[in-house]
Amino acid sequence: MPTSQKTRRVLITGASGTLGFNILQQLMEQPNIHITAPIRTMRPALQKIAHRVEFIEHELSDSIHTAQIFERARPDVILHCAASGLRPPKGTWFDLMSFNVESTMRLFQMNCRFDHDSHFIYISTGLVYRPQGRPLVESDPIETLHPYGASKAATDSMLQAAAAEFGRSLTILRPFAFTGPHDGGGRLFPEILKAAAEKRVLPLTDGKQVRDFCSVQDIARAAVLCVKRKPAQLIEKFNLGSGKQIPLRQLIEQVLSELSLHADLDFGKIARNPLEPAHLVADISHAHDILNWEPRIPLAEAVWGLAQEIAPQLHLSRPESHA
């Protein structure tokens, strides 16, 4: 559905994170959108775009200030990307649950106080699902013992109940694994690039787990599509990923080959986390049918873009398909 000429007011949380920052960059390119972004601290990457975004220093656990921000921003769309548990600093198990569940529900509660019908978009995760050993669809059961996945699953379920109770538009996006520009915090591909740049051995698991990796720019593009459209139903859910299943070791070696990059990786040195699923792959047909979305950027291209930021000394050539 085409975007209205009226300026849409978007409130986005988690703008300093990997996905939030990429969404923010794409939102800035859209016409007729005013962006308000509560942040904990003004980091250099955000400072560069401060003339395009209304940044407000804020802690989401502060309910009074959250209410004040809502009164000030009066958002048409709330895009909630903020979460704890994937990037440092990582708190305790209970801190994780408290932030991811309570701060999100507080934000949704503020949303319900407004008379106009604002659209709440929640960034969940593919880790919410009960393992099925096949590509996962949006109707699969939500059940996991993974700490981060459990915190998001609880919120995911509670938001749906609240949206039904109060009649508020809710879109839940469940991205699977992704990487690209602005990735970091001890995640897989940033660590591989740093190890290669420092010429050190990087211990990894055996890499036999089956994964679905996507470019963060593609995930961000799906979120922007949701910001621009009017939801067709009160509650919508979309899996976001590459839709391709491949053992993690094979995927890593394939990316390194496409980049002509040598990294000394010690597969099998680290035991796999027993709480992580052995098979985590998205069925993205629903996002394709409803959002007209599918991934466009090859994973090697995404990793190359990340390398330009965090390991330029590697002097990687852009993958041939995009050279």
* Selected residue (criterion: surrounded by the fewest Cβ atoms within 10 Å (Cβ to Cβ)) from residues of the stretch 42-69 that are closer than 17 Å to GLN109 by Cβ and in contact with a His (Cβ under 8 Å, 6 or more places away or on another chain) -> GLU59
* Asked: Looking at the stretch 229-236, is at least one residue surrounded by fewer than 15 Cβ atoms within 10 Å (Cβ to Cβ) and more than 22 Å from ILE172 (Cβ to Cβ)?
  -> no
* Structure fact -> Flagged in the stretch 47-66 as at pLDDT 85 or above and either outside the structural domain of MET110 (by TED's automatic domain parsing) or part of a helix (DSSP H, G or I) (or both), in numbering order, are GLN47
* **Subset of the stretch 1-21 that is touching a strand residue (DSSP E or B) at 6+ places or on another chain (Cβ under 9 Å) and in a helix (DSSP H, G or I) - its residue that is farthest from PRO181 (Cα to Cα)** => GLY20
* Cβ-Cβ below 8 Å, separation at least six or inter-chain, first residue in the stretch 287-301 and over 13 Å from GLN217 (Cβ atoms) and of a type in the set (Val, Ile, Thr), second outside any helix (DSSP H, G or I) and at pLDDT 95 or above: which pairs? -> ILE290/GLU236; ILE290/PHE238
* Asked: Quick check: is even one residue across the stretch 97-109 exposed (fewer than 14 other Cβ atoms within 10 Å of the Cβ) and assigned by TED's automatic domain parsing to the domain that holds ILE56?
  -> no
* Every residue from the stretch 189-209 that is surrounded by fewer than 18 Cβ atoms within 10 Å (Cβ to Cβ) and hydrophobic (A, V, I, L, M, F, W, C) -> ALA197, VAL201
* Kindly list, by first and then second residue, each pair from a residue in the stretch 255-282 that is surrounded by 14 or more Cβ atoms within 10 Å (Cβ to Cβ) to a residue that is of a type in the set (Ser, Thr, Tyr), limited to pairs with Cβ atoms under 6 Å and residues at least 6 apart or on different chains. => ARG272/THR205
* To do: Looking for whichever is part of a loop (DSSP other than H, G, I, E, B), modelled with pLDDT of 85 or more and under 20 Å from ARG168 (Cα atoms) here; the options are PRO31, PRO75. Which one fits?
  => PRO75
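Any idea which residue in the stretch 216-252 is nearest to the chain's Cα centre (by Cα), counting only those that are under 24 Å from GLN132 (Cα atoms) and among the small types (Gly, Ala, Ser)? Walk me through how you get there before you give the answer.
From the stretch 216-252, those under 24 Å from GLN132 (Cα atoms) are 219, 235-252; that's our starting set.
Right, trim to among the small types (Gly, Ala, Ser) and you get 241-243.
Working: GLY241: 11, SER242: 14, GLY243: 16 Å.
The extreme case among them is GLY241.
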* State whether one or more residues within the stretch 238-245 are under 30 Å from SER118 (Cβ atoms), at pLDDT 95 or above and among the aliphatic types (A, V, I, L, M). => yes
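Quickly run through the stretch 141-195 and pick out the residues that are assigned to a loop (DSSP other than H, G, I, E, B) and among the β-branched types (Val, Ile, Thr). Let's see the steps before the verdict.
Just the residues of the stretch 141-195 that are assigned to a loop (DSSP other than H, G, I, E, B), to begin with: 141, 143-146, 167-168, 176, 180-187.
Correct list: THR144 only.
Let's see how each residue does on (1) modelled with pLDDT of 95 or more; (2) in the same structural domain as ALA162 (by TED's automatic domain parsing); (3) not hydrophobic (A, V, I, L, M, F, W, C):
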site: LEU256; (1), (2), (3): yes, no, no
site: LEU259; (1), (2), (3): yes, no, no
site: ASP266; (1), (2), (3): yes, no, yes
site: ILE270; (1), (2), (3): yes, no, no
site: ASN273; (1), (2), (3): no, no, yes
site: ALA302; (1), (2), (3): yes, no, no
site: GLN313; (1), (2), (3): yes, no, yes
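The values are calculated or read from the model by the stated rules, or taken from the named source; none is laboratory data. Just so it is clear, the structure is predicted and the values come from calculations on it, not from any experiment. Backbone-built Cβ (ideal geometry, glycine too); neighbour counts: all protein chains shown.
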